[in-house]
Amino acid sequence: METTDVLIVGAGPTGLALGIDLARRGVAAQLVERADALFPGSRGKGIQPRTQEVFDDLGVIDAVLASSGPYPDRMVWRDGERVGEESMFERFEPDAGTPYPAPRMIPQWRTQEILYARLTELGGKVAFGREVTGLAQDADGVDVAFADGTTVRARYVVGADGGRSGIRRALGVGMTGETVDPAPFVVADLRLRGLDRVYWHAFPAADGSILGLCPLAGTEEFQLAARLPEGSEPDVSADSVRELVARYTHLAAEDVTEVRWASEFRPRAALADRFRVGRVFLAGDAAHVHSPAGGQGLNTSVQDAYNLGWKLAAVLEGAPESLLETYEEERRANAAAMLELSTGVHRGEVQRGRATVQLGVGYRDSSLSTETRTDPGPVRAGDRAPDAEVSGGRLFDLFRGPHWTLLGATAAPRAGVRTLPSAPESYGPGVFLIRPDGYVGWAGETATEDLAAYLDGVGVR
């Protein structure tokens, strides 16, 4: 029987991001995927500013920026005529702490290619064509069975295997949710002629259905997204996709020169009742399913992985097992908030922009957030640690890597903690301990015994 410290099931953005984080920490991890190759479609195409910061830390931001582009404005068409354009996002001025101020568009298949290349660069790999058929856990580990008759023994398992997660079903964990929209949707990647790539083109119909054609940055393709009339049955064959374009737009079916991928779905919002059962964790779509409106699903999923990776590595290195309890505590509450946000954007109740860039996501109520100052400034324990100009460069350059960082101390309290003599003025007064995932874990007036106790609790010795 094969053995590993961590088995990750699912090679989507969640599993790949987790694999990268564990690989750079030297954790023995296996990543398995039921399909024979990476996902081929564009489905999750928006990368929010907070996720760009995560990608900066994971070493893939340059490739993501090079392969992506800004979101275009929307052009509305009626009866073959342009009738007006509108911004897809609320405009706001970013502050100095935000190096990546706007969402970027990149098809999901390309994001996964970039993450996969980074994983292999770090010595990791994906075993494709390996379907999990069952699991059983005890006090020391998890035995995972595969369709080919093999078994892997892992100390921990992470189910990142999508909305129809077999790991979630094997655990008996239910999902609570609602239908966001009663209408069926079709999404497809295609190539066409006769339409510019400047705008995200929208073709609304009188019955409330609508078809959109969005140019996918870094490619020659468009993403088609269509809300069909209620009660209709989607057909995602190439000929039917061509017919959809001809029905809703001024283009002819033959103007669609290639249909590369197509799928249908019905928007829903659902949250797993638990994110952890013993030594098995759920992450990404296995834990929460979003409407694609607002671009929250993939981003929330990557941040699940970013939250869990350092905690798994710490516990494997001897940190208290209780550290893993904070994964569900922190991420389930945030996923619930992001589900509500996605649903609000889908229903037109929330505008894309300041609310959807995820820079305000934080953990102030977490048991891992310790605020000991009597008069905290703008940045508090549990908040995202913003960027800033510091002596010799930028703060994010100091944060980059798998370590902890202490701002406001001249000497490192432990090995593996980087220090800066003072925190930037934008943080306010105090000493700030920054977690490996870029959030303030502990904040105090000075480095005290409370800080030492906190470091003991998270396994920094």
Q. What number, rounded to the nearest 500 deg cm²/dmol, is the helix-based mean residue ellipticity at 222 nm of the chain, given -39500 (n - 2.57) per DSSP H run of at least four residues and division by all its residues?
A. -7500 deg cm²/dmol
Q.
Compute the angle between helix 325-346 and the longest alpha-carbon principal axis of the chain, please, reported from 0 to 90 degrees and rounded to the nearest 10.
A. 30 degrees
Q) Just how far, in whole angstrom, is segment 71-121 from segment 183-252 if you go by their alpha carbon centroids? A) 18 Å
**Q.** Value of relative contact order over the chain, rounded to a whole percent, pairs C-alpha under 8 Å and six or more apart
**A.** 17 percent
Q | Mean Cβ count within 10 Å, highest first, over the residues of peptides 267-279, 318-330 | A | 267-279, 318-330
Q) Quick one: Cα centre-to-centre distance for segment 272-313 and segment 5-56, in angstrom? A) 11 Å
Q. On a 0 to 90 degree scale, rounded to 10, what angle separates helix 49-58 from the longest Cα axis of the chain?
A. 60 degrees
Q. What is the dipole size for segment 368-453, taken about its Cα centre, with +1 at each Lys and Arg Cβ and -1 at each Asp and Glu Cβ, in debye to the nearest 20?
A. 280 debye
**Q.** Computed magnitude of the charge dipole of segment 9-52 (debye, nearest 20; Cβ of K, R +1, Cβ of D, E -1)
**A.** 200 debye
Q | Degrees between helix 13-24 axis and first principal axis of the chain (Cα, 0 to 90, nearest 10) | A | 30 degrees
(Q) Quick check for me: using +1 on Lys/Arg Cβ and -1 on Asp/Glu Cβ, what's the dipole size of the chain about its Cα centre, in debye to the nearest 20? (A) 360 debye
Q: At 1.4 Å probe size, with no ligands or nucleic acids counted, give the accessible surface of residue 448 in Å², nearest ten.
A: 60 Å²
Q | Rg/Rh ratio calculated on Cα atoms of segment 83-128 (Kirkwood radius) | A | 1.20
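The values are calculated or read from the model by the stated rules, or taken from the named source; none is laboratory data. Owing to the predicted nature of the structure, the values given are computational and were not obtained by experimental measurement. When we count neighbours, we look across all protein chains shown, and the Cβ atoms used for this are built from the backbone with ideal geometry, even at glycine. The accessibility values were calculated without ligands, DNA or RNA, using every heavy atom of the protein model including side chains. Shrake-Rupley method; radii C 1.70, N 1.55, O 1.52, S 1.80 Å.
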